[in-house]
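So the structure is just underneath, and the comments pick up after that.
Every number here is computed from the coordinates shown, using simple stated rules; none is lab data. Keep in mind that this is a model prediction, so the values were computed, not measured. Here the Cβ is made from the backbone with ideal geometry for all residues, glycine too, and neighbour counts use every protein chain on show.
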Amino acid sequence: MSTYTQILYQVVFGSKRCANFLTERNQDELFKYMAGVLRNKKCFTYIVGGHINHVHLLFSLHPKQSLSGLVSDVKKASEIMMLKHKTSFLRFTGWQVGYGAFTYSIASKEGLIRYVENQKEHHRRVSFREELIGFLKQHGVEYNEKYLFV
């Protein structure tokens, strides 16, 4: 038997100390680059987006990839890319150590894509801190706030 999966992941992580580094001018370059890393790892990417100090990756994980390894690879590769293009990402100081990863039914895909597309509008009302804590609570994940943004 072959391996068949349909697991929709939303992975969220931010910059160290929530430093604001994404702008209208540089974010598309970063999002496209991250989508390319996911594609090279044989993941199906629905959308990569974010706002000011964090990113959202919405994808289906290839069965041969581990989630932690994949997120580590995306963070490392994107950090190297941004350091090479330092003039476009002047305020980037590195990624936070951890990440939030949440699974959804494929029926949630369109709503999640719209959610990621509308990050700018969403964050006029809700901070990244509030957003991440909301995801953790919604998914029943225990956490220590002391370690959320290191």
Please rank GLU121, GLU142, fewest neighbouring Cβ atoms within 10 Å first, as an exposure proxy. GLU142, GLU121
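Once you keep just the Cα pairs under 8 angstrom separated by 6 or more residues, what percentage relative contact order results for the stretch 8-147? List each step's numbers first, then the result.
Working: 179 pairs, mean separation 47.9, N = 140.
Dividing the mean separation by the residue count of the stretch 8-147 yields 34 percent.
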Phi angles of the stretch 63-77, converted by Karplus (6.51 cos²θ - 1.76 cosθ + 1.60, θ = phi - 60°) into ³J(HN,Hα) in whole Hz with x for Gly and Pro, give x, 8, 9, 8, 4, 5, x, 5, 4, 4, 5, 5, 5, 4, 5
Of GLY69, GLY94, GLY50, which is the most mobile in a GNM of the chain whose springs link Cα atoms less than 10 angstrom apart? GLY69
Highest-fluctuation residue, ALA35, ALA107, ALA19 considered, GNM on the chain with Cα pairs under 10 Å: ALA107
Given backbone amide H placed at 1.01 Å from N, residues whose amide H is under 5 Å from that of TYR46, ignoring those fewer than 5 places away on the same chain, are LEU58, PHE59, SER60
Loop trypsin sites (Lys or Arg not before Pro), the stretch 1-75, which have at most 14 other Cβ atoms in a 10 Å radius of their Cβ (DSSP): ARG25, LYS42, LYS64
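Set the Förster radius R0 to 25 Å, insert the Cβ-Cβ distance between ALA107 and HIS62 as r into 1/(1 + (r/R0)^6), and round the FRET efficiency to 0.05.
Numbers: r = 21 Å, r/R0 = 0.84.
The calculated FRET efficiency here is 0.75.
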Per-pair calculated FRET efficiency, R0 = 22 Å: SER72 and VAL141 via Cβ, rounded to 0.05: 0.70
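Out of all Cα-Cα pairs in the stretch 87-150, roughly what percent, to the nearest whole number, are more than 19 Å apart?
On the way: 957 of 2016 pairs.
Roughly 47 percent, once rounded to a whole number.
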Run the simple label-point estimate for TYR115 and LYS32 please: 7 Å along Cα→C-beta, distance reported in nm. 2.7 nm
What's the lysine pair count for the stretch 8-147 at a Cα cut-off below 13 Å, pairs eight or more apart or interchain? 4
Between the stretch 47-82 and the stretch 1-36, what's the alpha-carbon centroid distance in Å? 4 Å
Can you find, among GLY140, GLN119, VAL74, the residue sitting farthest towards the positive end of the charge dipole of the chain, where Lys and Arg contribute +1 and Asp and Glu -1 at Cβ? VAL74
